[in-house]
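Reading through the structure tokens given below for one structure.
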DNA sequence: GTCTATACGAAGATAGAC
DNA sequence: GTCTATCTTCGTATAGAC
């Protein structure tokens, strides 16, 4: 297999395993086996575990940007874009109930490990926050845009957190409806 | 040192280390060193890592019950009791920004490890949920009590999650004010 | 109940052959 | 670029002396 695609393959598998089992609990051997390469070959691409974490965070940043861009392209109205974000909770309900939110759980784990890449992982949250803020600005919420963006983000994080603990799909749907209701209330308040 | 107090001491230290560094990342050696005993002696009290996790979860359940009972004893009005819960985010802001919410992060980690004690850890959330529900019932919210309880719990979890990622104290204070505002809005809606 | 010594395996990481 | 072999450290866990 060519160098670039093997490297890409490793990152893809590491991303998945880090999400499902956690960063620390995932070993090089786990990744190598799933990637179909030897541990020795693995080290040709990544010298340390931190290096692969770095690459995984890069990938997640890239994919998050692509997803946010996609929502902007698909939905012309900010409200529908924000709803697309909120409904991610429903679309990903099965993995969320099993493994939590990929961003929140990575940030939490890296915080406990006091890991150097802590801030880089938090940047993924930063992308969402900034994007949501932008949508609220387009809606006309100048001063409150940042606050509302963080509020939606926090709320969805809380739903993911409890959904992981209780494995309750109905709870997710109810909260998603509530967040959407809150959003429409905010939008309505802007036209007054 | 007597048996009971050594055992208690181990649990106390394990609880703290599990919170600050995570369950998996904390080794027996870490606990033994901090407890001032040898690893060999450690095994006299706990045969496996799961056994000590079990004891730590027990301790957390007990302490959570005691805290909830304390709030009920100190505040006669349900509103003030719920506010006491919400303001836990402010009281514990420093450790939350450094290590997250003890309950949420433990549940998330155990979910990733697919650990047998996953449900037992979630029981701690259950205690909070049940207690909050009870307070809302006293306020007269019969049908909505459960939903509101889970809502407050989820919201506070989300705040803890983002606070850990962004290390933003102002954000915590703002959200706590928002949750309290939401609470008063719900209470006001009950008298109509 | 507490200790030291030690077995055993897993995980990160390296060396060097092909 | 990919492999096998190996080193080293660390973590769980046990045995047995005191």
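Below, the figures for the structure above:
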{"read-out": "Principal axis dimensions, the protein assembly as shown - Cα atoms, whole angstrom, descending", "value": "64, 63, 32"}
{"read-out": "Across the identical copies, how the residue B:33 labels are spaced - nm, sorted shortest first, 7 Å along Cα→Cβ", "value": "3.0"}
{"read-out": "Sites residue B:130 and residue A:3 - FRET efficiency at Förster radius 56 Å, r taken between beta-carbons, to 0.05", "value": "0.50"}
{"read-out": "Ranked list, fewest to most other Cβ atoms within 10 Å of each Cβ, for A:139, B:61, B:190", "value": "B:190, B:61, A:139"}
{"read-out": "Relative exposure of A:120, B:60, judged by other C-beta atoms within 10 Å (fewest first)", "value": "A:120, B:60"}
{"read-out": "Point-to-point label distance, residue B:58-residue A:12, nm (Cα→Cβ direction, 7 Å offset)", "value": "4.8"}
{"read-out": "Rg over Rh [alpha-carbon atoms, Kirkwood Rh] for chain B", "value": "1.03"}
{"read-out": "Label spacing, shortest first and in nm, from residue A:54 to its equivalents in the remaining copies (7 angstrom along Cα→Cβ)", "value": "4.3"}
{"read-out": "Residue mean of other protein chain beta carbons inside 10 Å, B:15-25", "value": "3"}
{"read-out": "Packing-based order for A:155-166, A:103-114, using average beta carbon neighbours within 10 Å, highest first", "value": "A:155-166, A:103-114"}
{"read-out": "Inter-copy separations for residue B:190, label at 7 Å along Cα-Cβ, nm, ascending", "value": "3.3"}
{"read-out": "Kirkwood estimate for region B:1-114, i.e. one over the average of 1/r between Cα atoms, Å", "value": "15.6"}
{"read-out": "Between region A:14-51 and region B:1-69, the Cα center-to-center distance that results, in Å", "value": "31"}
{"read-out": "Over region B:57-113, volume per residue of the alpha carbon convex hull, in Å³", "value": "87"}
{"read-out": "Ratio Rg/Rh, restricted to region A:61-151 and using Cα atoms, in which Rh is the Kirkwood radius", "value": "1.00"}
{"read-out": "Residue exposure sequence - A:67, A:97 - by fewest surrounding Cβ within 10 Å", "value": "A:67, A:97"}
{"read-out": "Identity and axial distance of the chain A residue whose Cβ lies nearest the axis relating A to B, Å", "value": "A:158, 1"}
{"read-out": "Relative contact order (percent, whole number), chain B, Cα cutoff 8 Å, 6+ residue spacing", "value": "23"}
{"read-out": "Cα gyration tensor shape of region A:104-192, rounded if a/c is under 1.5, else prolate or oblate by comparing a/b with b/c", "value": "oblate"}
{"read-out": "Region A:97-129-region B:85-160 distance, computed between alpha-carbon centres (Å)", "value": "19"}
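We did not get these values from a lab; they are worked out from the coordinates using the rules stated. Every value quoted in this text rests on a predicted model; they were computed, and no experiment measured them. Backbone-built Cβ (ideal geometry, glycine too); neighbour counts: all protein chains shown.
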